[in-house]
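Participant: Input: one structure, supplied below.
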Amino acid sequence: MNREPGRTALVTGANRGIGLETVRQLDLAGLDVVLAARDVARGRVAARTLGSRRIRVEELDVTDPTSVAACAQRLADDGVTVDVLVNNAGIYPTGSFFSLDEDTVRRALDVNLMGAFHTCRVFCPGMARRGYGRVVNVSSGLGALTENVPSPAAYGISKAALNALTLVVSAAVPSTVKVNAACPGWVRTDMGGRRAPTGVEEGADTVTWLARLPDLGPTGGFFRNRRRIDW
C-alpha cells in the first residue's frame, strides 16, 4: 500500500469490526487517523491493539449533533483538520416490517442516516474550503433498490436513505471533495457473524480505497470490491 502522509482521516464507530480495520489500513497508508467511538474507553482499548502513534481517539456519538460539534471543536483547537471522513457507525436491526416498532426504525435512521448527516454537515464545509476531501459512507447492498427490496426492513430503509444522502452531499460540494458509498459485503464481524464469507480486511478494502481516491477519482457512486454497483 502506497503511503500518503499529511492527511487526517476520521472514522466513526471505529472501536471494532470494519471501522477498526479501516483505521488500521489508513494508518498503514501513512494517514493520521482519528478513531472515533461513542464509548471512548473502548476506543482507547481498540487503538492500543494497533500500536500506532498516529491514531488519536475521540469520543463521538454520531446521533448527537452536540457531540459531533464538540469533537470537531477539540480537533480544531489542536490544529487538526479532517481531510477524510469515513461514516462507518451503524446498527443492524433484523426484524421484518410488521414486527418493527417505531423506536427501532427511528434508532436505525438516527445512527445509519442521521449520523452521517451530522458529520457531513460539520466536516464537509472545511474540505470544500481547503479544496480537498474524501467522504465514504459505509452502506450495504441490502439497501440497494435495484438488487432487492431493502431488507431487513429498518436496516435496508436506513441504508437506502444513506445512499440518497451520498448523492445529495456529492452534489453539494465541489468536485475536489469525493463523496461515495461503499458496500463491504457480508463480513465476519460482531454485526455480520461468524458465518459471513468475507474477512474484515477484505471488507474494509473498498472503504479504504475510496478514502484515498486520486484527484481524478469518482464521486457520487456506490462501490463494492472497488467496482461501481447500482443503487
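Participant: Of the residues in segment 123-156, how many are within 22 Å of VAL111 (Cβ to Cβ), aliphatic (A, V, I, L, M), free of Cβ contacts under 8 Å to residues at least 60 places away in the same chain and crowded, with 22+ Cβ neighbours inside 10 Å?
Facilitator: 1
Participant: What single numbered condition from (1) modelled with pLDDT under 95; (2) assigned to a helix (DSSP H, G or I) fails to hold for ALA69?
Facilitator: The failed condition is (1).
Participant: Right, next: Looking at segment 31-54 only, could you name the residues that are touching a strand residue (DSSP E or B) at 6+ places or on another chain (Cβ under 6 Å), of a type outside the set (A, V, I, L, M) and part of a helix (DSSP H, G or I)?
Facilitator: GLY43, ARG44
Participant: Please specify each residue of segment 78-113 satisfying the condition of being among the charged types (D, E, K, R) and not in a helix (DSSP H, G or I).
Facilitator: Listed by number, the residues that qualify are ASP78, ASP83, ASP101.
Participant: Among ASP103, ASP77, ASP39, ASP61, which is in contact with a Gly (Cβ under 9 Å, 6 or more places away or on another chain), at pLDDT 95 or above and not polar (S, T, N, Q)?
Facilitator: Being in contact with a Gly (Cβ under 9 Å, 6 or more places away or on another chain), at pLDDT 95 or above and not polar (S, T, N, Q) holds for just one of ASP103, ASP77, ASP39, ASP61, which is ASP61.
Participant: From the residues in segment 6-36 that are under 19 Å from CYS71 (Cα atoms) and among the β-branched types (Val, Ile, Thr), which one is surrounded by the fewest Cβ atoms within 10 Å (Cβ to Cβ)?
Facilitator: Ranking the candidates gives THR8 first.
Participant: Right, here's the next one. Within segment 130-166, how many residues are under 22 Å from VAL23 (Cα atoms), of a type in the set (Phe, Trp, Tyr) and assigned to a helix (DSSP H, G or I)?
Facilitator: 0
Participant: Kindly check whether there is at least one residue in segment 64-78 that is of a type in the set (Lys, Arg) and within 22 Å of SER139 (Cα to Cα).
Facilitator: There is no residue in segment 64-78 that is of a type in the set (Lys, Arg) and within 22 Å of SER139 (Cα to Cα).
Participant: I want to confirm something. Restricting to segment 55-70 and keeping residues that are in contact with a strand residue (DSSP E or B) (Cβ under 9 Å, 6 or more places away or on another chain) and touching a residue at least 40 places away in the same chain (Cβ under 8 Å), which single residue is farthest from ALA36 (Cα to Cα)?
Facilitator: The residue in question is VAL62.
Participant: Right, something else. Output the qualifying pairs, or none if there are none: Cβ atoms under 7 angstrom, residues six or more apart or on different chains, first residue in segment 157-174 and of a type in the set (Gly, Ala, Ser), second residue in a helix (DSSP H, G or I) and crowded, with 18+ Cβ neighbours inside 10 Å.
Facilitator: Partner pairs satisfying both residue conditions: SER158/ALA108; SER158/LEU109; SER158/ASN112; SER158/LEU113; ALA160/GLY143; ALA161/LEU109; ALA161/LEU113.
Participant: State all residues of segment 171-213 that are at pLDDT 90 or above, touching a Ser or Thr at 6+ places or on another chain (Cβ under 7 Å) and in a loop (DSSP other than H, G, I, E, B); if no residue qualifies, say none.
Facilitator: Within segment 171-213, SER175, CYS183, PRO184 meet the criteria.
Participant: Any chance you could count how many residues in segment 82-114 are polar (S, T, N, Q) and surrounded by 18 or more Cβ atoms within 10 Å (Cβ to Cβ)?
Facilitator: The total comes to 3.
Participant: Next question. Within segment 141-168, track down each residue that is modelled with pLDDT of 95 or more and within 21 Å of PRO218 (Cα to Cα).
Facilitator: Answer for segment 141-168, where residues must be modelled with pLDDT of 95 or more and within 21 Å of PRO218 (Cα to Cα): LYS159, ALA160, ALA161, LEU162, ASN163, ALA164, LEU165, THR166, LEU167, VAL168.
The values are calculated or read from the model by the stated rules, or taken from the named source; none is laboratory data. Bear in mind the structure is a predicted one, so any value in this text is a computation, not a measurement. So basically every Cβ, Gly included, is an ideal-geometry build from the backbone, and we count neighbours across all protein chains shown.
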